[in-house]
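All remarks here apply to the structure that follows.
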Amino acid sequence: MELQHKSHNVGEASYHIVFRPKYSHPIFGYYEPLKKFCEAKFREIAEQHGFDIRALEIMDDHVHLFVGIGPNHSVSELVRYFKGRSAKEMFDTFEWLKEYKPGEPRFWGGNFWSRGYFYRSVGSTTDDAVKFYIKVSQDEEKRKKYYRNGGQSEKTCSEDPYVKHLKRDSQTRSIDESQTDLTNFST
């Protein structure tokens, strides 16, 4: 995940989003061209709004979307763009979706997607590392212990899980369980 540099801010926001068709219909397993159309629409929406789709998987009865967004967008706005526009264009292109036919997955109520969705922020550090950083930054003695030399040396903070994580992430991009054990850190 890469930081986005804007005129007045720097950062990144990534989310794992999951939502499903209305009535939990397995419509994408039922009709493959609809699945391909939906994927193409999601990519088009992402490009139009400057979202970065990092992973997209359309299952028979739900969608997994891992997407990075800029600072001017909220999660609810992101979901509204993807669900609203894709539903409208699927209904316009595949008109039979709105027709009632017993025994077949159809959307006669006028909504393609269910109202709810799951989201979780996905970051490049752990909760424990951020908590540690915040706690240490409020105590002058701990700052001296963990952040000597003001962060100018490679050896400034060998015990800080945040620094360990950032170093490990930039070097290996893999998780070593021994480095994530925070039981050695006393507060």
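Descriptive notes on the structure:
- Meets criteria (touching a residue at least 24 places away in the same chain (Cβ under 8 Å), surrounded by 13 or more Cβ atoms within 10 Å (Cβ to Cβ), more than 17 Å from GLU77 (Cβ to Cβ) and in contact with a helix residue (DSSP H, G or I) (Cβ under 9 Å, 6 or more places away or on another chain)) for PRO26: no
- The sole residue among SER7, SER14 that is more than 22 Å from the chain's Cα centre (by Cα), more than 20 Å from ASN111 (Cβ to Cβ) and modelled with pLDDT under 95 is SER7.
- Cβ pairs under 9 Å, 6+ apart, first in the range 109-121 and hydroxyl-bearing (Ser, Thr, Tyr), second part of a loop (DSSP other than H, G, I, E, B) and surrounded by 14 or more Cβ atoms within 10 Å (Cβ to Cβ): SER114/ARG20; TYR117/ARG20
- Subset of the range 19-72 (residues that are in contact with a Ser or Thr (Cβ under 6 Å, 6 or more places away or on another chain), of a type outside the set (D, E, K, R) and over 18 Å from LEU3 (Cα atoms)): CYS38
- The single condition among (1) touching a His at 6+ places or on another chain (Cβ under 6 Å); (2) surrounded by fewer than 17 Cβ atoms within 10 Å (Cβ to Cβ) that ARG20 does not satisfy is (2).
- Answer residue from the range 36-63, given it is under 23 Å from VAL10 (Cα atoms) and in a helix (DSSP H, G or I) and is farthest from the chain's Cα centre (by Cα) among those: GLN48
- Of the set (1) surrounded by 14 or more Cβ atoms within 10 Å (Cβ to Cβ); (2) at pLDDT below 70; (3) out of contact with any Asp or Glu (no Cβ under 9 Å at 6 or more places or on another chain), all apply to ARG168 but (3).
- For first residues located in the range 76-105 and in the same structural domain as GLU39 (by TED's automatic domain parsing), partners that are of a type in the set (Gly, Ala, Ser) and lie 6+ apart or on another chain with Cβ distances below 8 Å form the pairs LYS98/GLY110.
- Single condition GLU12 does not satisfy, out of (1) exposed (fewer than 13 other Cβ atoms within 10 Å of the Cβ); (2) closer than 22 Å to GLY123 by Cα; (3) not hydrophobic (A, V, I, L, M, F, W, C): (1)
- Subset tally (residues that are touching a residue at least 40 places away in the same chain (Cβ under 8 Å) and buried (at least 18 other Cβ atoms within 10 Å of the Cβ)) for the range 38-56: 4
- If only residues of the range 86-113 that are over 24 Å from the mean Cα position of the chain (by Cα) and of a type in the set (S, T, N, Q) are counted, the one that is surrounded by the fewest Cβ atoms within 10 Å (Cβ to Cβ) is THR93.
- The set of residues in the range 64-85 that are more than 14 Å from the chain's Cα centre (by Cα) and at pLDDT below 90 contains only ASN72.
The values are calculated or read from the model by the stated rules, or taken from the named source; none is laboratory data. None of these values were measured; they are calculated from a predicted model. Note that each Cβ is placed from the backbone with ideal geometry, even for glycine, and that neighbours are counted across all protein chains shown.
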